[in-house]
Amino acid sequence: MSRLNFILAGVIALVAAASTAPAQAATPSCAVHGRTIAHLSHSQVVSTSGALVVYRVRGSQWDTLWACERGSRARSLVGRDDSFQSDGEYSPSLIVSNIHLAGPWVLATIETGADSYDACTKYAEPEAPPCIGPEESLELVNAATPARLDISRIVLNSTTASGSSVATQWLRTALSPIGAVAWLTSVSTTPAGSASSSAAINTLWGCRVGGSAKSTSCPATTLASGAVAPDSLAFSGATLSWTLGGQPHSAALT
């Protein structure tokens with residue numbers, strides 16, 4: 001190797017080292033210190049379960065929520081939340097709520113568009129199209145791998161082609177340490193021109209994560225419909241139990 005090529009190779013190596021060092025330093029080891037992550041500015045621990053930690057990092061536009069396992073530098077994005085940064089006139093545009101931890105898994109509800117829905121309902125004209133939103137999604141994250149799954153989505157307020165108003169909500173979500181998920185939805189419909197809605201229809205859904213580390217999925221299965229008691233949902237491994245009309249039921253999610 002000529003002297004010039006040797007010098008160029010050295011310069012390239014220094015540039016490469018300089019470019020990677022900040023990235024490595026930007027993600028400290030997952031070590032809880034009080035209610036913060038050690039050596040991570042503006043961090044706050046949200047929840048812990050065994051080795052699993054969920055924390056937020058405050059930013060100027062939003063807080064970013066991460067999941068990690070103690071002692072590891074790996075972390076997985078849970079979601080972003082601008083509740084703290086919103087000005088208060090409208091609801092936040094990004095909300096992370098209903099966080100569940102089990103094993104290496106984190107299940108969270110991500111809501112978007114509440115601010116737009118507030119503005120629509122505030123300034124709605126009589127002849128304007130009905131306001132739709134906000135939207136919520138169930139996100140499942142594994143702190144030890146890049147796996148991130150969009151389990152289910154609902155629109156809280158929507159309108160059918162016939163003009164009926166539809167209100168949808170999640171009554172309960174549940175998570176198993178092996179990556180099984182259950183959620184109970186409630187849907188009620190108000191016909192166009194009516195002041196009262198129909199009786200809510202409750203549906204219980206479930207899924208279990210499968211596939212490889214590079215390609216995971218959680219296909220939803222309908223487990224029950226009717227008067228499912230929200231507080232009755234409970235996992236034991238892959239088996240979900242619940243009560244329907246006062247009667248016990250269970251199903252193994254495979």
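The values are calculated or read from the model by the stated rules, or taken from the named source; none is laboratory data. Because the structure is predicted, anything quoted here is derived from the model rather than measured. Cβ placement follows ideal geometry from the backbone for every residue including glycine, while neighbour counts extend to all protein chains displayed.
Out of curiosity, is A182 surrounded by fewer than 12 Cβ atoms within 10 Å (Cβ to Cβ), in contact with a Gly (Cβ under 6 Å, 6 or more places away or on another chain) and touching a residue at least 12 places away in the same chain (Cβ under 8 Å)?
On the way: surrounded by fewer than 12 Cβ atoms within 10 Å (Cβ to Cβ): no; in contact with a Gly (Cβ under 6 Å, 6 or more places away or on another chain): yes; touching a residue at least 12 places away in the same chain (Cβ under 8 Å): yes.
In short, no.
Would you call P248 at pLDDT 90 or above and in a loop (DSSP other than H, G, I, E, B)?
Judged against the criteria, P248 is not a match.
Looking across region 201-220, the residues that are of a type in the set (A, V, I, L, M) and either part of a strand (DSSP E or B) or loosely packed, with under 11 Cβ neighbours inside 10 Å (or both) come down to I201, L204, A213.
Is it the case that R172 is among the basic types (K, R), surrounded by 18 or more Cβ atoms within 10 Å (Cβ to Cβ) and in contact (Cβ under 8 Å) with a residue 40 or more places away in the chain?
Spelling it out, R172 is indeed among the basic types (K, R), surrounded by 18 or more Cβ atoms within 10 Å (Cβ to Cβ) and in contact (Cβ under 8 Å) with a residue 40 or more places away in the chain.
For region 106-115, the condition holds for at least one residue, the condition being that it is modelled with pLDDT of 95 or more and hydroxyl-bearing (S, T, Y).
Inside region 42-59, can you point out the residues that are of a type in the set (G, A, S), assigned to a strand (DSSP E or B) and under 21 Å from L140 (Cβ atoms)?
Across region 42-59, the qualifying residues are S47, S49.
The single condition from (1) modelled with pLDDT of 95 or more; (2) within 19 Å of the chain's Cα centre (by Cα); (3) surrounded by 15 or more Cβ atoms within 10 Å (Cβ to Cβ) that R58 fails is (3).
Could you list, in sequence order, the residues of region 60-87 that are touching a Lys or Arg at 6+ places or on another chain (Cβ under 6 Å) and in a loop (DSSP other than H, G, I, E, B)? If the condition is that a residue be touching a Lys or Arg at 6+ places or on another chain (Cβ under 6 Å) and in a loop (DSSP other than H, G, I, E, B), then W62 is the only one that fits. One residue stands out among those in region 105-149 that are in contact (Cβ under 8 Å) with a residue 60 or more places away in the chain and part of a loop (DSSP other than H, G, I, E, B): the one that is surrounded by the most Cβ atoms within 10 Å (Cβ to Cβ), which is A143.
Please go through region 221-235 and give me each residue that is part of a strand (DSSP E or B), touching a residue at least 40 places away in the same chain (Cβ under 8 Å) and surrounded by fewer than 15 Cβ atoms within 10 Å (Cβ to Cβ), ordered by number. I'd like the intermediate steps shown before the answer.
To start, the set of residues in region 221-235 that are part of a strand (DSSP E or B) comprises 221-225, 228, 234-235.
Restricting the remaining residues to those that are touching a residue at least 40 places away in the same chain (Cβ under 8 Å) gives 223, 228, 234-235.
The answer is A234, and nothing else.
When you go through R80, R70 one by one, which is the residue that is more than 24 Å from E136 (Cα to Cα), out of contact with any helix residue (DSSP H, G or I) (no Cβ under 8 Å at 6 or more places or on another chain) and surrounded by fewer than 22 Cβ atoms within 10 Å (Cβ to Cβ)? I'd like the intermediate steps shown before the answer.
Details: R80 fails: more than 24 Å from E136 (Cα to Cα).
The match here is R70.
Just one of the listed residues (S198, S162) is assigned to a loop (DSSP other than H, G, I, E, B), loosely packed, with under 12 Cβ neighbours inside 10 Å and not hydrophobic (A, V, I, L, M, F, W, C), and it is S162.
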